[in-house]
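Notes follow once the structure below has been shown.
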Amino acid sequence: MSLAIRGISSDPAPAATVRRERRTSLTARGEPMVWLTGGGLAVATLMIAGLLLLVVFNGTLTFWPKRLVQITTRDGQTYLGEITRTETYRLSPDQLAALPATEQERIRTRGGLAERQLLRTGNFDIFGDHFKWISRQDVARTEYPAEAWTFERQEWGWFVGFLKEIRVDGKPTTQSLAELHGPARSRFHQIKSLEKNEIGEVNRALEELRLNLRRVALKSGKDSPAYAQAAAAAGKREAELHKQYETLVAEVARIRAEDARYTVLLATVDGRTKEQKISEIVRAYPANQLSTAQQVGVYLSRWWEFLTSDPREANTEGGVLPAIFGTVMMTLIMSLAVAPFGVIAALYLREYARQGPLLSAVRIAVNNLAGVPSIVFGVFGLGFFCYVVGGQIDQMFYPEKLPTPTYGTGGIIWASLTLALLTVPVVIVATEEALAAVPSSMREGSYACGASKWQTIKRIVLPRAMPGVMTGLILAMARGAGEVAPLMITGVVKLAPELPVDGHLPFLHLNRSFMHLGFHIYDVGFQSPNSEAAKPMVFTTTLLLILLIALLNLSAIYVRNRLKKRYVGAHF
Amino acid sequence: MALMEEKTQVTTPTHAAARRPVAPSVADASTPSLSLANEETVLEVEQFNLWYGEKQALFDLNLKFPRGKVTALIGPSGCGKSTLIRSINRLNDLIDSVRYSGDMRLNGHSIFGRDVDVIELRKRTGMVFQKTNPFPMSIYENVIYPLRIDGETRKSVLDEVVERSLRRAALWDEVKDRLHESALQMSGGQQQRLCIARAISAEPEVLLMDEPCSALDPIATGKVEELIYQLKGLYSVIIVTHNMQQAARVSDYTAFFYLGRLIEYDATEKIFTNPSNKQTEDYVTGRFG
């Protein structure tokens, strides 16, 4: 009894055992790991947030109308334009010595750094330049002339200057620009529509006629009676079409003539003038007189144009609608192709194939496929889909068009299939994991009810794995929508004349080449003759692409969550 | 895979007769002197051995399960109770490494015969699992799952089966207003009773229950036990349980297994009051296991 009490008593230990004060070491407590892991997360978050912030900041500010500043330099030149950006640079000692004493002093106090501003002067047709660098030390006078205007034109970029006169038939008129601009623009669109739709229709009919004739020739020979008959019919129809064409061309000419009556006389800041058709002015505003509401108006109108119209000025201005359309459509076709393909492959791998070394090898190969450079997929897509598959389709179904390829060249279907190939490993891996995560109790329950393997897969396993499949699809979509390299050789073009969907049978033209936001970014940013003007567009387009992918993903996540609620349940 | 192939089973007249549910008899439950010798056999296990790979799990089992009665299988963990009942509906076929010898006969017909359709067999042997496993679909669809996979689409038939099965599973009153809601929203006890309803919806002859109450709270357990008691007579129930009281409460006969061998098999009352084997006595009195 006494022993037991001694055993648990808190009496000081016998002298023989020396109790060392023990402290838990830092590594054992794991404090540094908390900092390490937390720090890693912080760095990653900062980088992503920084990038997003940069894109969002630049992207949203692009379309805000800025004031026009008129700068007179010391050598008597005047410039008018928007300040695009300001930067500092270091002057050489000689340059510094040549400056007036006050300027020298100012630059010295700033540590020898001089400032310069990039002025967007526009008027490329007159000046031969869109932009002009002006150093701060050269500036003699800065003003904001109230009557300065910014004109965004259909061609030649901006005109920055003054509105001298509004003319009808070459004579000044009392009507305002705002009054005349609306009708002028609608005339412009009318001409565009006539040329594109009506005349395009006639051309299409003519082409169809030619192809029909060719088909007959290929089928029954050029000297057969069938051909003669077809040729006669075609000749008659062709004459009709030509007459139609003449009428349309006359109509266009009439509207053009009417349109040419309305012009404005514009003057640059150094007094040179230019007469401009009103219809060719996209947007005009007196930049220094805008109220905040009007600024917002211009801003929104630019966004609207960006989202809803075709690009102009070598893609550096105007809209990106065809690119938005192409991106979304390509991503959807890709998803449609990749989902069943990936799910079927994963089903076999997980449910039917005998697990063993061969299967492991296949799995490793599938995973490695995700690491192959995307351009390699592009080359494969071009070689296999475009040339082999597309070439075969052309020979079988479109022989009359040859040697002009129909499917035997880059097109949205081939680009989508190439991307599907690129992203299929993602879907396979995600689906396999989802299939493996279906509890065996569910499968056994189904088997015990007398279900066959396929019935169990179809009714129990697949629905239950669906949210996981969606996760794979989301990852695949994000990967695919942002991919550019393989698209460049399988169907993306700088400027697509037609959308892949239109009103002509079969409505969906999957063989057509298309525009893509990712490629648009590359093209505008690095292939553009006017890269300075294009730079803000790069940010805006990037912002749009990110938003678009986020939107596609959010909708997929919404679907996934609904599936989850339905099939996985809240219990356990 | 080979076992899954669809074959049409020719149901012999004897089968048809055997499948008629035996009318529940009150006398059975109240008469103390139950004897296996007086029972009609529904399932006979003969010289049954089973191996997982190299490891033998069941040794020379010989026993007959009586028709329309509840038979409890008890024994310490790993003694092969679950393995035995999973062999009855050949669920063990899903495990690659399983081999077996010997035979089992349902109504006198071997279930391992070459001409046996596994799917047909499983439809005649409903099973309820330890872990509740309602399918991710509505309550209604869960109950008719065995009929759905048979391709039954007549609504009148399905409605009838749903109501009958849910009533027998004592669940009808609780869920009749939300038959088309997800089964996953139910409580654990309800889910287990739903699984029972599903297991009996195809009118099986034998109902296999693998520790059906081990994941349930006492109240839900009570409900399920009551249900088993009511199902007696309609189906031949084989229940695996770790709970001695449960075995004593719900079963007519009890088989005690130890290390893959059948130690003792007799009327429940006898097993619990006057076992003839020392090991059985030690186990049921809680001296080991």
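The values are calculated or read from the model by the stated rules, or taken from the named source; none is laboratory data. Just so it is clear, the structure is predicted and the values come from calculations on it, not from any experiment. When we count neighbours, we look across all protein chains shown, and the Cβ atoms used for this are built from the backbone with ideal geometry, even at glycine.
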> Quick one: which of B:Gly126, B:Gly113, B:Gly78, B:Gly102 is farther than 17 Å from A:Cys449 by Cβ, part of a strand (DSSP E or B) and either at the interface with another protein chain (Cβ under 9 Å from one of its Cβ atoms) or more than 16 Å from the chain's Cα centre (by Cα) (or both)?
Replying inline: B:Gly102
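Listed here are the residues, each with its yes/no results for (1) crowded, with 24+ Cβ neighbours inside 10 Å; (2) within 14 Å of chain B (Cβ to nearest Cβ); (3) in contact with a Leu (Cβ under 7 Å, 6 or more places away or on another chain); (4) among the charged types (D, E, K, R).
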{"residue": "A:Arg459", "(1), (2), (3), (4)": "no, yes, no, yes"}
{"residue": "A:Pro467", "(1), (2), (3), (4)": "no, yes, yes, no"}
{"residue": "A:Leu475", "(1), (2), (3), (4)": "no, no, no, no"}
{"residue": "A:Leu487", "(1), (2), (3), (4)": "yes, no, no, no"}
{"residue": "A:Lys494", "(1), (2), (3), (4)": "no, no, no, yes"}
{"residue": "A:Leu499", "(1), (2), (3), (4)": "no, no, no, no"}
{"residue": "A:Gly503", "(1), (2), (3), (4)": "no, no, no, no"}
> Within the range A:311-342, which residues are buried (at least 22 other Cβ atoms within 10 Å of the Cβ), among the aliphatic types (A, V, I, L, M) and closer than 19 Å to A:Ile428 by Cβ?
Replying inline: A:Met334, A:Val338
> Mind checking which pairs have a first residue in the range A:386-403 that is free of Cβ contacts under 8 Å to residues at least 60 places away in the same chain and a second that is surrounded by fewer than 16 Cβ atoms within 10 Å (Cβ to Cβ) and assigned to a helix (DSSP H, G or I), Cβ under 8 Å, 6 or more apart or different chains?
Replying inline: A:Leu402/A:Gln395
> What is the number of the single condition among (1) in contact with a Lys or Arg (Cβ under 6 Å, 6 or more places away or on another chain); (2) within 14 Å of another protein chain (Cβ to nearest Cβ) that A:Gly445 does not meet?
Replying inline: (1)
>> If a residue must be surrounded by 12 or more Cβ atoms within 10 Å (Cβ to Cβ), among the polar types (S, T, N, Q) and assigned to a loop (DSSP other than H, G, I, E, B), how many such residues does the range A:72-93 contain?
In response: 1
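Specify which of the listed residues (A:Arg215, A:Arg254) is within 40 Å of the chain's Cα centre (by Cα), closer than 30 Å to A:Phe159 by Cα and not in a strand (DSSP E or B).
After ruling out the rest, the residue left standing is A:Arg254.
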>> Looking only at residues that are in contact with a strand residue (DSSP E or B) (Cβ under 8 Å, 6 or more places away or on another chain) and among the aromatic types (Phe, Trp, Tyr) in the range A:125-160, which one is surrounded by the most Cβ atoms within 10 Å (Cβ to Cβ)?
In response: A:Phe159
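Could you look through the range A:125-152, keep only residues that are among the small types (Gly, Ala, Ser) and farther than 19 Å from A:Lys66 by Cα, and pick out the one that is nearest to the chain's Cα centre (by Cα)? So that I can check it myself, show each step before the final result.
Here is the first cut: in the range A:125-152, the residues among the small types (Gly, Ala, Ser) are A:128, A:135, A:140, A:146, A:148.
Now narrow it down to the ones that are farther than 19 Å from A:Lys66 by Cα: A:128, A:135, A:140.
Values: A:Gly128: 30, A:Ser135: 35, A:Ala140: 43 Å.
Of everything passing the filter in the range A:125-152, A:Gly128 is nearest to the chain's Cα centre (by Cα).
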> Which residue pairs have Cβ atoms under 7 Å apart, sit 6 or more places apart or on different chains, and have a first residue in the range A:128-147 that is more than 30 Å from A:Ala97 (Cα to Cα) and a second that is surrounded by 12 or more Cβ atoms within 10 Å (Cβ to Cβ) and acidic (Asp, Glu)?
Replying inline: A:His130/A:Glu532
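When the residues of the range B:81-98 are narrowed to those that are over 25 Å from B:Tyr265 (Cα atoms) and in contact (Cβ under 8 Å) with a residue 12 or more places away in the chain, which ends up farthest from the other protein chains (Cβ to nearest Cβ)?
Residues of the range B:81-98 over 25 Å from B:Tyr265 (Cα atoms): B:93-98.
If we keep only those that are in contact (Cβ under 8 Å) with a residue 12 or more places away in the chain too, we end up with B:93, B:95, B:97-98.
Numbers: B:Asp93: 9, B:Ile95: 11, B:Ser97: 12, B:Val98: 14 Å.
This residue is B:Val98.
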> In the range B:145-170, which residues are more than 10 Å from chain A (Cβ to nearest Cβ), at pLDDT below 85 and surrounded by 15 or more Cβ atoms within 10 Å (Cβ to Cβ)?
Replying inline: B:Arg168, B:Ala169, B:Ala170
>> If I ask for residues that are part of a loop (DSSP other than H, G, I, E, B), touching a Gly at 6+ places or on another chain (Cβ under 7 Å) and at negative phi, which ones from the range A:125-173 would you list?
In response: A:His130
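Does any residue of the range B:183-194 turn out to be within 19 Å of the chain's Cα centre (by Cα), surrounded by 16 or more Cβ atoms within 10 Å (Cβ to Cβ), within 14 Å of chain A (Cβ to nearest Cβ) and closer than 27 Å to B:Asn107 by Cα? Spell out the reasoning first.
Pass one, the range B:183-194, residues within 19 Å of the chain's Cα centre (by Cα): B:189-194.
Next, from what is left, pick out any that are surrounded by 16 or more Cβ atoms within 10 Å (Cβ to Cβ): B:189-194.
Pick out the ones that are also within 14 Å of chain A (Cβ to nearest Cβ) and you get B:189-192, B:194.
So of that shortlist, the ones also closer than 27 Å to B:Asn107 by Cα come out as none.
No, the conditions are met nowhere in the range B:183-194.
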